[in-house]
Amino acid sequence: MPIDWSPLAAILEKHERFLVTTHVRPDGDALGSEVGMAGLLRAKGKDVRVVNSSRTPPRYDFLDEDGTLFRHFGGDVQASDLADREVLVILDLSAWSQLGDMVDFVRSFPGPRVVIDHHVSQDDLGATFLKDVTAEATGTLVARAARALQVPITPSMANGLLTAIAMDTGWFRHPNTRPSTLREVADLVESGAEIHLIYQRIFERNTLGRLRLMGEMLAGLRTALEGRVSYATITREDLSRNGAIPQDTEDLVDYTVSVEGVEVGLLFIEQARGGVKVSLRSRNGLDVARVAAVFGGGGHKAAAGATLPEPLESAVAAVLAAVRQALETSV
Ligand code: AMP
Ligand code: MN
Ligand code: MN
């Protein structure tokens with residue numbers, strides 16, 4: 001389903017000052033796509049600011065070597081600093097719930113909004129949607145936009161976009177990895193992406209806190225629903241006891257679904273502001289985006305998330321009940 005990029009081209013004709021943002025708890029696709037998009041817009045001579053509702057996880061600091069690209073809304077940038085922005089470009093999300101502290105800002109943003117995304121779930125964000133749910137990553141879409149708009153991909157853009165695609169395909173392991181994925185990656189390597197350095201920087205710089213947290217999480221893995229589900233929990237206490245930070249939990253959910261015979265893996269993480277974030281992963285085809293939607297969340301068929309406004313124990317019970325129902329009603 002190729003995207004028609006002419007609405008983006010038309011906006012570029014008319015406007016100069018752009019604001020780029022992405023989802024809360026940004027992952028590699030979110031941040032890597034921002035690097036690519038900022039490069040694209042700057043190549044077109046635009047004034048660009050990249051402002052996110054969450055801080056950048058340390059594992060992705062290499063995407064912003066000199067620390068000038070990613071800004072934190074409510075931290076080093078306030079809404080009033082963004083009054084001159086004409087266009088808002090939203091990457092890798094299509095749901096209000098994913099905007100975090102920027103939700104009110106986005107709701108009242110007066111200029112055009114453009115969403116470039118690949119998620120199935122979709123709210124009406126009052127935006128022009130440039131969307132392809134068959135794309136493996138938003139980074140793929142940004143790479144396609146660059147080609148459609150005749151913007152050469154620089155080495156730094158290529159590093160960002162390769163990070164995006166690699167992380168959303170589990171480094172080319174997940175079923176969303178297709179021949180076109182690998183061709184795109186080959187093009188990005190040709191444009192200067194340093195695949196070995198990206199891998200090293202993301203995965204070979206674990207803090208002791210993350211590794212200790214991971215050890216505890218693995219030790220605490222449980223199964224449910226006759227071994228069809230595996231899940232783990234991480235409390236605030238678990239983080240502080242191990243010297244870990246919330247960003248250290250990225251990808252840990254993958255272990256839950258790696259247990260032999262398991263169809264659905266769940267990771268429940270207590271949130272600093274109350275409530276529990278659940279990450280859901282499936283294999284063998286159960287649509288976990290639909291389970292997440294029961295709790296106001298969403299995502300993709302095989303990877304989804306939601307935040308429940310309740311204590312850990314009842315969140316676990318509620319999600320397990322919803323997963324049980326989904327497993328029983330699917331063939
Ligand atoms: P996560 O478990 O946070 O890694 O998320 C898995 C996938 O689901 C990602 O593509 C997220 O962007 C998406 N996702 C997570 N939480 C939500 C939510 N509350 N609403 C919509 N999509 C979500
Ligand atoms: Mn993402
Ligand atoms: Mn994505």
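The values are calculated or read from the model by the stated rules, or taken from the named source; none is laboratory data. All values reported here derive from a predicted model rather than from experimental measurement. Note: ideal-geometry Cβ built from the backbone for every residue, glycine included; neighbour counts use all protein chains shown. Keep in mind that these areas ignore ligands, DNA and RNA; they rest on the heavy atoms of the full protein, side chains included. Shrake-Rupley method; radii C 1.70, N 1.55, O 1.52, S 1.80 Å.
Values computed for the structure shown
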item	result
Neighbours by Cβ (under 6 Å, 6+ apart or cross-chain): first from segment 13-29, of a type in the set (F, W, Y) and away from ligand 1 (no atom under 16 Å from the Cβ); second open to solvent by 20 Å² or more (accessible area, probe 1.4 Å) and modelled with pLDDT of 95 or more	F18/K46
Segment 126-170, residues that are surrounded by fewer than 22 Cβ atoms within 10 Å (Cβ to Cβ) and away from ligand 3 (no atom under 16 Å from the Cβ)	G126, A127, T128, R147, A148, L149, Q150, V151, P152, T154, P155, S156
S121, sole failed condition from (1) open to solvent by less than 50 Å² (accessible area, probe 1.4 Å); (2) modelled with pLDDT of 95 or more; (3) within 15 Å of ligand 2 (Cβ to nearest atom)	(2)
Filtered residue count, segment 5-41, keeping only those that are away from ligand 2 (no atom under 16 Å from the Cβ), under 23 Å from the mean Cα position of the chain (by Cα) and in a helix (DSSP H, G or I)	5
Some residue of segment 175-185 being outside the structural domain of D254 (by TED's automatic domain parsing), surrounded by fewer than 22 Cβ atoms within 10 Å (Cβ to Cβ) and closer than 30 Å to A321 by Cβ	yes
Residues located in segment 280-296, provided they are under 18 Å from G227 (Cα atoms) and either among the hydroxyl-bearing types (S, T, Y) or within 16 Å of ligand 3 (Cβ to nearest atom) (or both)	L280, R281, S282, V288
Residue pairs meeting the criteria (Cβ under 9 Å; at least 6 apart or on separate chains; first modelled with pLDDT under 95, in segment 168-196; second open to solvent by 80 Å² or more (accessible area, probe 1.4 Å))	P175/R283
Test: residue in segment 29-38 that is surrounded by fewer than 16 Cβ atoms within 10 Å (Cβ to Cβ), away from ligand 3 (no atom under 16 Å from the Cβ) and modelled with pLDDT of 95 or more	no
Pair list, Cβ under 7 Å, 6 or more apart: segment 304-322 residue assigned by TED's automatic domain parsing to the domain that holds R228, other residue open to solvent by 60 Å² or more (accessible area, probe 1.4 Å) and within 13 Å of ligand 1 (Cβ to nearest atom)	A322/V294
Cross-chain or 6+ apart pairs with Cβ under 7 Å, segment 265-287 first and more than 13 Å from S314 (Cα to Cα) and touching a residue at least 40 places away in the same chain (Cβ under 8 Å), then assigned to a loop (DSSP other than H, G, I, E, B) and small (G, A, S)	L286/S330
Residue among S314, S279 that alone is over 22 Å from the mean Cα position of the chain (by Cα) and open to solvent by less than 60 Å² (accessible area, probe 1.4 Å)	S314
Verdict on V151 being touching a residue at least 60 places away in the same chain (Cβ under 8 Å), closer than 20 Å to L91 by Cβ and in contact with a Leu (Cβ under 8 Å, 6 or more places away or on another chain)	yes
Wholly within segment 113-196, helices (runs of 4 or more DSSP H) carrying at least 3 residues that are in contact with a Gly (Cβ under 6 Å, 6 or more places away or on another chain) and more than 20 Å from V87 (Cα to Cα)	155-168
Members of segment 282-311 that are away from ligand 2 (no atom under 16 Å from the Cβ), hydrophobic (A, V, I, L, M, F, W, C) and either open to solvent by less than 60 Å² (accessible area, probe 1.4 Å) or part of a loop (DSSP other than H, G, I, E, B) (or both)	L286, V291, A293, F295, L308
Unique match (being outside the structural domain of P58 (by TED's automatic domain parsing), open to solvent by less than 30 Å² (accessible area, probe 1.4 Å), assigned to a loop (DSSP other than H, G, I, E, B) and free of Cβ contacts under 8 Å to residues at least 40 places away in the same chain) among A244, A232	A244
Residue match in segment 63-70 (condition: away from ligand 1 (no atom under 16 Å from the Cβ) and in a helix (DSSP H, G or I))	yes
Restricting segment 82-100 to residues that are over 18 Å from G298 (Cα atoms) and away from ligand 3 (no atom under 16 Å from the Cβ), the residue that is most open to solvent (accessible area, probe 1.4 Å)	A83
